[in-house]
């Protein structure tokens with residue numbers, strides 16, 4: 001039972017559109033990587049080689065320890081920083097990134113143009129439907145504006161109530177202070193009067 005549920009879940013997962021799109025993207029990406037690699041090997045690397053004096057970029061390295069050869073046999077391997085291969089990888093990445101950027105940019109522009117053209121054709125052949133949608137949109141905006149005004153009015157009323165409560169509290173505190181001051185002054189007068197009589 002549990003095994004069947006596992007395979008059912010797997011089939012649902014595989015049949016999802018985004019999984020299929022991902023698989024297609026992986027295949028296309030792998031093929032695209034080959035194209036870019038061939039472009040780099042066939043055109044970019046020779047140009048770079050000419051610019052740097054006929055050297056192969058991938059051969060650039062900083063040798064830390066030379067290899068040791070004894071009787072024609074390598075007994076100790078060479079230790080080196082192969083920064084040329086790193087630079088080559090960076091160049092490959094930049095070319096791939098630039099190419100993807102150009103493709104996405106062209107796709108976005110084409111998609112936007114097609115959407116605008118499709119919208120124009122739809123409006124041209126469906127004027128009644130367009131007018132209906134326009135009225136619905138205006139009605140929706142009016143409702144949103146009314147709701148916004150209502151919320152702002154409630155917020156303003158709430159703020160006014162808060163300020164009024166603060167004012168009443170402040171007046172109450174001032175009245176209490178004044179009362180205590182008057183009582184204190186009265187007690188002082190009574191005490192002074194009693195002291196004079198004594």
Fill in the blank from the handout: Quick shape check on the range 25-76: root eigenvalues a ≥ b ≥ c of the Cα gyration tensor, a/c under 1.5 is rounded, otherwise prolate if a/b tops b/c, else oblate, and it reads oblate
Problem - the range 14-116, relative contact order in percent, only Cα pairs under 8 angstrom and at least six apart counted - result: 20 percent
Exercise for the section: Any chance you could give the angle, 0 to 90 degrees and rounded to 10, that helix 83-125 forms with the longest Cα principal axis of the chain? Expected result: 60 degrees
Practice task
Please give the length that would be gained between residue 185 and residue 105 if that part of the chain were fully extended, namely 0.36 nm times their separation in residues minus their C-alpha to C-alpha distance (nm, one decimal).
Solution key: 20.4 nm
Practice task
Could you work out how far helix 2-15 tilts from the main Cα principal axis of the chain, as a 0 to 90 degree angle to the nearest 10?
Solution key: 80 degrees
Exercise for the section: Report, to the nearest 10°, how far helix 17-39 tilts away from the longest principal axis of the Cα atoms in the chain, using its own Cα long axis and a range of 0 to 90°. Expected result: 50 degrees
Problem - Rel. contact order, % - alpha carbon contacts under 8 angstrom, at least six apart, the chain - result: 10 percent
Problem - Residue-averaged [θ]222 nm for the chain, counting only DSSP H segments that reach four residues, each worth -39500 (n - 2.57) - result: -29000 deg cm²/dmol
Handout entry: Gyration tensor (alpha-carbon) shape descriptor, the range 96-198, a/c threshold 1.5
Key = oblate
Exercise for the section: Estimate the FRET efficiency between residue 25 and residue 116 by the formula 1/(1 + (r/R0)^6), using the beta-carbon distance for r and 25 Å for R0, to the nearest 0.05. Expected result: 0.40
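We did not get these values from a lab; they are worked out from the coordinates using the rules stated. No experiment lies behind these values; they were computed from the predicted model shown. All Cβ positions, even for glycine, are placed from backbone atoms using ideal geometry, and neighbour counts span all protein chains on display.
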